[in-house]
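What follows is a set of notes on a single structure, which appears directly below.
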Amino acid sequence: MCAVWNLLLATGPQTKYDLLASNAIQFLASVADRPHYKALFEDPAVLGSICEKVIVPNMEMRECDVELFEDNAEEFIRRDLEGSDVDTRRRAACDLVKGLCRHFEEKITGIFGMYVKTMLDSFNANPSANWKSKDAAMYLVTSLATRAKTAKHGITQTNQLVNLSEFCTAHVAPELHNLANLAQFPILKA
């Protein structure tokens, strides 16, 4: 597991490493999901390090993601909704959050909630330069909030420690209601 951790930290954000990074993150997710390895992840410092060094960097939009959205927004959204983006860094990071939540829901929600706040504060300080922070925060919150889902019914269980209605009211609805400038932050609106 240490070798995979070191590999993830040494792997750059370039597209050519996406499959490697995705598989390494999926490996961490499968280890975190097993009760036998639960002790490896109990330390809050370890969980914070995983969020800071693996999850957040791999949830953030990269230029290639922005280009895909700009070239074909419908395809970008479809891949996300259907889950056909299975080999992406972002999807793997979401799966890692969900795997960690199975055993450490309360710890994860508290620790990762601080990272969400930091990302939202970064956005609020300079929205035009830091909109990707808000996008990553939205993904992190939805990953934290989802406990169970099906293809037919969508999300069927949520993390009761995440106040989704408050988050949506404070951070999602303002983007959707910004009719004065529809072209501003199209990815956040999508």
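The values are calculated or read from the model by the stated rules, or taken from the named source; none is laboratory data. In this text the structure is predicted, and so the values were computed from the model without any measurement. FYI the Cβ positions are ideal-geometry reconstructions off the backbone, even for glycines, and counts take in every protein chain you see. To get the accessible areas, we keep the full protein, side chains included, count just its heavy atoms, and leave off ligands, DNA and RNA. Shrake-Rupley method; radii C 1.70, N 1.55, O 1.52, S 1.80 Å.
Look at (1) 26, 20, 17; (2) 33, 19, 18; (3) 56, 19, 14: the one that is semi-axes √(5λ) of the Cα gyration tensor in Å derived from this structure is (1).
Quick query: amide H of THR146 versus all other amide H atoms, modeled in the peptide plane; which residues come in under 5 Å with a sequence gap of 5 or more or a different chain? Distant-sequence amide H within range of THR146: ASN159. In order along region 174-190, phi translates into HN-Hα couplings of x, 5, 6, 8, 6, 7, 5, 9, 5, 7, 6, 6, x, 5, 5, 5, 5 Hz, rounded to whole numbers, per the Karplus curve 6.51 cos²θ - 1.76 cosθ + 1.60 with θ = phi - 60° and x for Gly and Pro.
Across the protein chains, with a 1.4 Å probe defining accessible surface, the residues GLU75, GLU52, GLU42 rank GLU52, GLU42, GLU75 from largest area downward. Here the chain has 55 percent of its accessible surface on carbon and sulfur atoms, given a 1.4 Å probe and all protein chains in place. Over the chain, Cα pairs under 8 Å with separation of 6+ residues give a relative contact order of 21 percent. Once the Cβ-Cβ distance of VAL4 and LEU81 is raised to the sixth power relative to R0 = 25 Å, the FRET efficiency obtained is 0.30. Loop-located trypsin sites (Lys or Arg not before Pro) in region 1-80 (DSSP state other than H, G, I, E, B) with a sparse environment of at most 11 neighbouring Cβ atoms within 10 Å are absent. Who wins for biggest fluctuation among TYR17, TYR115, TYR139 in a Gaussian network model of the chain, springs between alpha carbons below 10 Å? Between TYR17, TYR115, TYR139, it is TYR17 that shows the largest mean-square fluctuation. Heavy-atom accessible area, probed at 1.4 angstrom with all protein chains present, ranks CYS2, CYS168 as CYS2, CYS168, highest first. A 1.4 Å probe run over region 63-118, with the rest of the protein chains in place, finds 54 Å² accessible per residue.
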